[in-house]
Amino acid sequence: MIDISVIVPIYNVEHYLEKCIESIINQRFKNIEIILINDASTDGSLEIINKYSKHPGVVIVNNEVNLGLSESRNKGINIARGKYLSFIDGDDFINEDFLYLLHKLIIETDSDICVSSIIHWDYKYNKKHIVNKIEYHDSKVIDRQASIRDFLLRKNIYNYTCNKLYKRELFMENNIFFPKGKRYEDAYTTYKLLYKSNRICFSNNSIYFYVQRDNSIMNQKFSSREMDYVYAVDELKLFLEKNNIFSSLQKEYYSYYANAYCSRLKKLILSKQIKKQSKNLKYLTNGIYYNYKNILYNNYVNHRHKVLCYIGIIIANFYKTRE
C-alpha cells in the first residue's frame with residue numbers, strides 16, 4: 001500500500017516546475033505516488049511533466065480545460081491511493097526530509113495532521129524568511145480546540161494547505177473539498193480539517209519552500225477576488241457558531257477577522273481604486289464599523305489593525321452621511 005500521495009496542481013510554471021518535481025522525487029521517504037495534474041497549461045509545463053511519465057510512482061493527469069487550483073486538488077484527492085495526502089504547488093519545492101519527518105511524526109503521535117515550517121522564498125532576489133514559525137517542539141500534539149485557537153491567532157498553524165500532511169480520510173469521510181472558483185481556497189478548508197481532527201502534531205525540521213513570484217496571488221494588487229478571503233472569514237464565524245465553539249473563541253475569532261478586513265482595506269486604499277471598488281470598500285468598512293468594539297477592545301488585535309479599524313469607521317460614517 002502507498003503511504004503518501006503527493007498532489008501537484010500545475011498551471012504555467014515552466015520556470016519552476018522541474019525543481020519542484022525533482023525535490024519530490026529525491027525525497028528520503030520513498031513509498032509515495034506523485035500525482036502531477038496539468039491544468040491546461042499554455043507554456044512548456046506539459047513538456048516538462050512528460051519527461052517524468054515513465055518514472056516509478058508518477059501519475060499524470062491532463063485537464064482538457066483550465067479548472068483552477070481547487071478542482072485540480074479535488075481531482076487528486078479522489079484518485080489518490082495513499083493513506084496520507086501532501087499538497088505541493090508546482091512552483092514550490094521541499095527539502096529532502098520533508099515527507100520523511102512529517103510521516104514519522106504523524107505515525108508516532110497517532111495524529112490526523114502534521115504541520116511543518118514554511119519559508120517564503122523570494123525568487124527574484126533570492127531571499128528567504130520563515131513565515132509559519134512553529135513555537136512548539138517536535139512531536140508536540142494538540143487537540144482540535146487548541147489547533148483552531150492557534151489558527152485564529154495565526155501562530156503555529158496558518159492558512160496554508162501545502163505545509164501539512166493529512167490523513168486522506170479527513171477529506172473523504174467528512175466530504176471536505178476545496179471550493180470551486182475561489183481564490184484563497186485554503187481559507188475555506190483548513191479550519192474544517194482541523195475541527196475534524198483529534199490530534200495535530202508539529203515538525204520544526206521539515207521545511208516547505210513557498211516561492212514568491214511577481215505574478216503570484218500574494219503579490220497581486222487588489223481585485224474583487226480579494227474579497228473571497230473576507231467571505232471565508234464570514235463563513236468561518238457561521239461554522240464556529242454551528243458547532244457551538246464561537247463563544248469560547250470569540251476574541252480569537254475577531255483577531256482573525258481584523259486581520260482579514262483591515263489588511264484588505266489597506267490593500268484596497270493603496271491600490272487607488274476606491275471609486276471602482278466602492279461596493280467592496282463599503283462591505284469592508286461596514287464590517288469594521290459594526291464590529292469595532294470586538295476589534296478595538298481586543299488584546300489579540302495588533303496596533304496596526306486597530307489604526308486601520310479607525311480609518312474604516314471614518315469611511316463607514318462618510319457613507320452613512322450620504323445615504
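The values are calculated or read from the model by the stated rules, or taken from the named source; none is laboratory data. Just so it is clear, the structure is predicted and the values come from calculations on it, not from any experiment. Note: ideal-geometry Cβ built from the backbone for every residue, glycine included; neighbour counts use all protein chains shown.
Scoring M218 on the criteria (1) modelled with pLDDT under 95; (2) touching a helix residue (DSSP H, G or I) at 6+ places or on another chain (Cβ under 8 Å); (3) closer than 24 Å to D122 by Cβ leaves a single failure, condition (2).
Within the set S247, S271, the sole residue that is at pLDDT below 95, of a type in the set (G, A, S) and either surrounded by fewer than 20 Cβ atoms within 10 Å (Cβ to Cβ) or not assigned by TED's automatic domain parsing to the domain that holds A146 (or both) turns out to be S271. Looking only at region 168-212, residues that are assigned to a loop (DSSP other than H, G, I, E, B), closer than 21 Å to I79 by Cα and in contact with a Leu (Cβ under 8 Å, 6 or more places away or on another chain) come to 3 in all. Among the residues of region 46-82, those identified as touching a residue at least 60 places away in the same chain (Cβ under 8 Å), part of a loop (DSSP other than H, G, I, E, B) and surrounded by 14 or more Cβ atoms within 10 Å (Cβ to Cβ) are G68, A80, G82. Provide a single number: the residues in region 91-110 that are farther than 12 Å from K164 by Cα, over 18 Å from the mean Cα position of the chain (by Cα) and of a type outside the set (F, W, Y). Counting residues in region 91-110 that are farther than 12 Å from K164 by Cα, over 18 Å from the mean Cα position of the chain (by Cα) and of a type outside the set (F, W, Y) gives 8. The residues listed here are I130, I176, I113, I148; of these, the one that is at pLDDT below 95 and under 17 Å from the mean Cα position of the chain (by Cα) is I130. Looking only at residues of region 35-45 that are touching a Leu at 6+ places or on another chain (Cβ under 8 Å) and farther than 19 Å from R183 by Cβ, we find that the one that is surrounded by the most Cβ atoms within 10 Å (Cβ to Cβ) is S45. Among the residues here, I314 qualifies as assigned to a helix (DSSP H, G or I), surrounded by fewer than 16 Cβ atoms within 10 Å (Cβ to Cβ) and β-branched (V, I, T). Among the residues of region 231-273, those identified as basic (K, R) and not in a loop (DSSP other than H, G, I, E, B) are K237, K242, K251, R264, K266, K267.
Go through the residues of region 53-70 one by one and say whether even a single one is of a type in the set (S, T, Y) and within 25 Å of the chain's Cα centre (by Cα). Yes - at least one qualifying residue is present in region 53-70. Tell me whether region 291-310 contains one or more residues that are outside any helix (DSSP H, G or I), aromatic (F, W, Y) and not assigned by TED's automatic domain parsing to the domain that holds Y191. Yes, that holds for at least one residue. A count restricted to region 23-45 and to residues that are free of Cβ contacts under 8 Å to residues at least 60 places away in the same chain, under 19 Å from Y210 (Cα atoms) and not in a strand (DSSP E or B) stands at 2.
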